[in-house]
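Below is one structure, written out as structure tokens; comments come after it.
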Amino acid sequence: MLSFDDYKSKISIIQLLDDLGYKQDIKDGKVSPVFKLVDSKGTKLDEIVVKNPRSPQEHYFDRNYKGGDLIQFIKNHINDFPQFNHPNTFVKINMILSHYAKIPYTPKYESYQGNNNSKDITSRYKEISPRVSDLRFLTRERNISPGTVETFLPFIKLVQDTQGKGEYKNIGFPYINPSNGDKVTNYELRNYNFKGMAAGGDKSNSVWVADFSPHPAMAKHIYFAESAIDAMSFYELNKSRIKLDECVFCSIGGYISNNQIINALNKYPKATVHTLFDNDLNGNIYDIKILGILSKNAINIREKNNNIEFTTAKGMFEIPKEQVSIERFREKAHINAPVQVHKSGDAKDFNEILQKKNSHKIKI
């Protein structure tokens, strides 16, 4: 077992600040970097100065003049790590340390902007409400029926980057932080030969939400997909078995963060969780990550040769890459939670099925 000094040599406070949503204010210098946390309106919530960054002597001070080393930082922010669950604070601190010690750290290079207007992504992206006929990429290229596009139309926009060249408009699926109102914080952007997320947006806390329920407390099913197109495709393939007014569809935008799932589940606490992730290794790992969040078990996942190594509070084990699935993980980890996994059979994802199914149909 590593000592606290060992952990200090492996983990930087900056790594934890990145994960918690703090961004460096570059204008304040790099010798003792300043990190700021703001809400969706750009209001500053916290400010932290890091001394002796990325060294065993690293320590911090916040705006209330509280501070200390890595261990004290975790102790003072223990409630900011809800994915690590244990009634004993000392054990929980060690769980967090163990998790981060095994993760190679790559700086995010995303800086804090002092101007509050720059935090409002809609000030950069001009938003237009489309008609179905404006979304031919979805109906022609992705073979989603006009009827399905019409159903999801309230949750789709056309967006233009006002800082980009030309007047091109992409299809934008608006992202919000579900636990913090309906303010748009990002866009999942799609078009012919192009896909990505909006520049400067918040993805780690936000998801695309297509909510058809009368009230969040009345939502009975929440579906998580890697893209909005996957979610729409799944609906079209299964709409005869889906009661739409009981459902919420979410997209995580291609890779998953704990806060995306936690924020969505906080808004829809009574909904059964479904996953619609791709039928590949990453999709299977995303299923497992959601299982960990639902069961309140911290799971460290890393690649090791031809295997995937999983570490939980109960121990460590490996599964060959080609055998990784939520079922195999449950057998090995003895961890369970009510998540319903939907896979696309022999296809990579649900849109691939839909494209084959609708390829002969005339599309508008």
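The values are calculated or read from the model by the stated rules, or taken from the named source; none is laboratory data. Nothing here was measured: the structure is a model prediction, and the numbers come from that model. Cβ atoms come from the backbone with ideal geometry, glycine included; neighbour counts cover every protein chain shown. Protein only, heavy atoms only, side chains kept; ligands, DNA and RNA dropped before computing areas. Shrake-Rupley method; radii C 1.70, N 1.55, O 1.52, S 1.80 Å.
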| note | The residue that is nearest to residue 353 (Cα to Cα), considering only those in the range 214-258 that are in contact (Cβ under 8 Å) with a residue 40 or more places away in the chain and assigned to a strand (DSSP E or B), is 225
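Rundown of residues vs (1) modelled with pLDDT of 80 or more; (2) under 30 Å from residue 290 (Cα atoms); (3) open to solvent by 30 Å² or more (accessible area, probe 1.4 Å), yes/no style:
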| position | (1), (2), (3) |
| --- | --- |
| 54 | no, no, yes |
| 57 | yes, no, yes |
| 63 | no, no, yes |
| 71 | yes, yes, no |
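Based on what the data block shows, is residue 172 open to solvent by 10 Å² or more (accessible area, probe 1.4 Å) and small (Gly, Ala, Ser)?
Details: open to solvent by 10 Å² or more (accessible area, probe 1.4 Å): no; small (Gly, Ala, Ser): yes.
No; evaluated as a whole, the condition is false for this residue.
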| said: Pairs needed: first member in the range 129-150, basic (Lys, Arg); second member anywhere, surrounded by fewer than 19 Cβ atoms within 10 Å (Cβ to Cβ); C-beta distance under 6 Å; at least 6 residues apart or different chains. | reply: 140/363
| field | Cβ-Cβ under 6 Å pairs, at least 6 apart or on other chains, the range 313-326 side in a helix (DSSP H, G or I), far side open to solvent by less than 60 Å² (accessible area, probe 1.4 Å) and charged (D, E, K, R) | value | 326/287
| Residue match in the range 39-52 (condition: modelled with pLDDT of 85 or more, crowded, with 18+ Cβ neighbours inside 10 Å and of a type in the set (D, E, K, R)) | yes
| message | Quick check on my filter: what residues within the range 311-350 are surrounded by 11 or more Cβ atoms within 10 Å (Cβ to Cβ) and of a type in the set (Gly, Ala, Ser)? | response | 313, 325, 333, 337, 344, 347
| remark: Scanning the range 248-264 residue by residue, the ones that are touching a Cys at 6+ places or on another chain (Cβ under 8 Å) and aromatic (Phe, Trp, Tyr) total 0
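For the range 167-185, enumerate the residues that are more than 18 Å from residue 231 (Cα to Cα) and within 14 Å of the chain's Cα centre (by Cα). Write out each step before concluding.
As a first pass, look at the range 167-185 and keep what is more than 18 Å from residue 231 (Cα to Cα): 167-170, 177, 179-185.
Scanning the range 167-185 gives 177, 179, 185.
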| query | Only one of 173, 152 is assigned to a strand (DSSP E or B) and within 15 Å of residue 251 (Cα to Cα); which? | reply | 173
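Quick one: which of 159, 207, 149 is touching a helix residue (DSSP H, G or I) at 6+ places or on another chain (Cβ under 7 Å), over 30 Å from residue 298 (Cβ atoms) and either modelled with pLDDT under 95 or not polar (S, T, N, Q) (or both)? Before you say what the answer is, go through the steps one by one.
Values: 159 fails: touching a helix residue (DSSP H, G or I) at 6+ places or on another chain (Cβ under 7 Å); 207 fails: over 30 Å from residue 298 (Cβ atoms).
On inspection, the qualifying residue turns out to be 149.
Take the range 255-285 and flag every residue that is open to solvent by 40 Å² or more (accessible area, probe 1.4 Å) and within 20 Å of residue 229 (Cα to Cα).
Just the residues of the range 255-285 that are open to solvent by 40 Å² or more (accessible area, probe 1.4 Å), to begin with: 255, 258-259, 266-267, 269-270, 272, 279-282.
255, 279, 280, 281, 282, listed by residue number.
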| note | Selection from the range 224-237 of residues out of contact with any helix residue (DSSP H, G or I) (no Cβ under 6 Å at 6 or more places or on another chain) and closer than 23 Å to residue 288 by Cβ yields 224, 226, 227, 228, 231
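Among the listed residues 159, 184, 149, which satisfies the condition of being open to solvent by less than 20 Å² (accessible area, probe 1.4 Å), among the β-branched types (Val, Ile, Thr) and more than 17 Å from residue 351 (Cα to Cα)? Let's see the steps before the verdict.
Numbers: 184 fails: open to solvent by less than 20 Å² (accessible area, probe 1.4 Å); 149 fails: more than 17 Å from residue 351 (Cα to Cα).
Unique residue meeting the criteria: 159.
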| field | Unique match (being of a type in the set (Val, Ile, Thr), open to solvent by less than 10 Å² (accessible area, probe 1.4 Å), farther than 16 Å from residue 208 by Cβ and assigned to a helix (DSSP H, G or I)) among 308, 293, 288 | value | 288
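Every residue in the range 187-213 that is in a loop (DSSP other than H, G, I, E, B), within 14 Å of residue 250 (Cβ to Cβ) and open to solvent by less than 30 Å² (accessible area, probe 1.4 Å), please.
First pass over the range 187-213, keeping only residues in a loop (DSSP other than H, G, I, E, B): 192-193, 198-206, 212-213.
Add one more test, that the residue is within 14 Å of residue 250 (Cβ to Cβ), and what stays is 203, 205-206, 212-213.
Of everything in the range 187-213, those that are in a loop (DSSP other than H, G, I, E, B), within 14 Å of residue 250 (Cβ to Cβ) and open to solvent by less than 30 Å² (accessible area, probe 1.4 Å) turn out to be 203, 206, 213.
Please verify whether residue 270 is part of a loop (DSSP other than H, G, I, E, B), basic (Lys, Arg) and at negative phi, treating the condition exactly as stated. Walk me through it before giving the result.
Details: part of a loop (DSSP other than H, G, I, E, B): yes; basic (Lys, Arg): yes; at negative phi: yes.
Against the criterion (part of a loop (DSSP other than H, G, I, E, B), basic (Lys, Arg) and at negative phi), residue 270 qualifies.
Going through the range 275-285 one residue at a time, which ones are touching a Ser or Thr at 6+ places or on another chain (Cβ under 9 Å) and assigned to a helix (DSSP H, G or I)? Explain how you work it out, then say what you get.
Restricting attention to the range 275-285, the residues satisfying the condition of being touching a Ser or Thr at 6+ places or on another chain (Cβ under 9 Å) are 276, 278-279, 283-284.
Within the range 275-285, 283, 284 meet the criteria.
Could you tell me how many of the residues in the range 3-27 are part of a loop (DSSP other than H, G, I, E, B), surrounded by 14 or more Cβ atoms within 10 Å (Cβ to Cβ) and either modelled with pLDDT under 85 or touching a Pro at 6+ places or on another chain (Cβ under 6 Å) (or both)?
4
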| Qualifying position, being over 21 Å from the mean Cα position of the chain (by Cα) and hydrophobic (A, V, I, L, M, F, W, C), among 317, 310 | 317
